[in-house]
Amino acid sequence: MTNDEIKKQFNDSEVMFLTIVGEARSEPIEGQVAVANVILNRSRKRGQSVKDVCLSPKQFSCWNEDDPNRALLIAIAHQMLKGSYEFPDYQQIQWVVDGIFSDKIRDNTRGRDHYMTTYLFNSDKRPSWAKTPKADPIRIGSHTFLSV
């Protein structure tokens, strides 16, 4: 299943759910909320749908063809199309997605629109786009959240 097929067959909340699974399933709930907020902040900033933001090339690594998380997302997507899927922490991640889309969960990133692992952020391999963030970075779980 290609990213274009995902975009055609799933709505914004379903793609956000899958993206959180791929990017933050092992994070505490605050980290999952933060990733969801980055997706929404980027969507609003760019005037794009959540699907477009999540599935744009090289934006969220879990959707990259060579990322090991992608196979899990595709397997879950196939299950979703069949109408039932089992995934550990499904209810928590769905609660996060529902809370983000209903504006019941506050933005714990305070408007940040990018993130990376804190390990990468603190390393000499930090990407050039993250060298000079516009606002102080925020660490939540194993990620650092920033605006660029």
Residue list for segment 111-145, filter: within 14 Å of the chain's Cα centre (by Cα), open to solvent by less than 30 Å² (accessible area, probe 1.4 Å) and free of Cβ contacts under 8 Å to residues at least 60 places away in the same chain: Met116, Thr144
Flag for Arg44 being farther than 22 Å from Thr118 by Cβ, at pLDDT 95 or above and open to solvent by 30 Å² or more (accessible area, probe 1.4 Å): yes
Members of segment 80-100 found to be free of Cβ contacts under 8 Å to residues at least 12 places away in the same chain, part of a helix (DSSP H, G or I) and surrounded by 13 or more Cβ atoms within 10 Å (Cβ to Cβ), listed by number: Tyr90, Trp95
Test: residue in segment 28-44 that is under 20 Å from Ser147 (Cβ atoms) and either among the basic types (Lys, Arg) or in a loop (DSSP other than H, G, I, E, B) (or both): yes
Index of the failed condition, Val53 passing every other in (1) touching a residue at least 24 places away in the same chain (Cβ under 8 Å); (2) β-branched (Val, Ile, Thr); (3) buried (at least 18 other Cβ atoms within 10 Å of the Cβ): (1)
Among (1) β-branched (Val, Ile, Thr); (2) in contact (Cβ under 8 Å) with a residue 60 or more places away in the chain; (3) within 23 Å of Leu146 (Cβ to Cβ), the one test that Ile6 misses: (3)
Residue in segment 79-88 that is more than 30 Å from Ser128 (Cα to Cα), at pLDDT 95 or above and acidic (Asp, Glu) present: no
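The values are calculated or read from the model by the stated rules, or taken from the named source; none is laboratory data. All values derive from a computational prediction rather than experimental measurement. Cβ: placed from backbone, ideal geometry, glycine included. Neighbour counts: every protein chain shown. Side chains included, ligands, DNA and RNA excluded: accessible areas come from the protein's heavy atoms. Shrake-Rupley method; radii C 1.70, N 1.55, O 1.52, S 1.80 Å.
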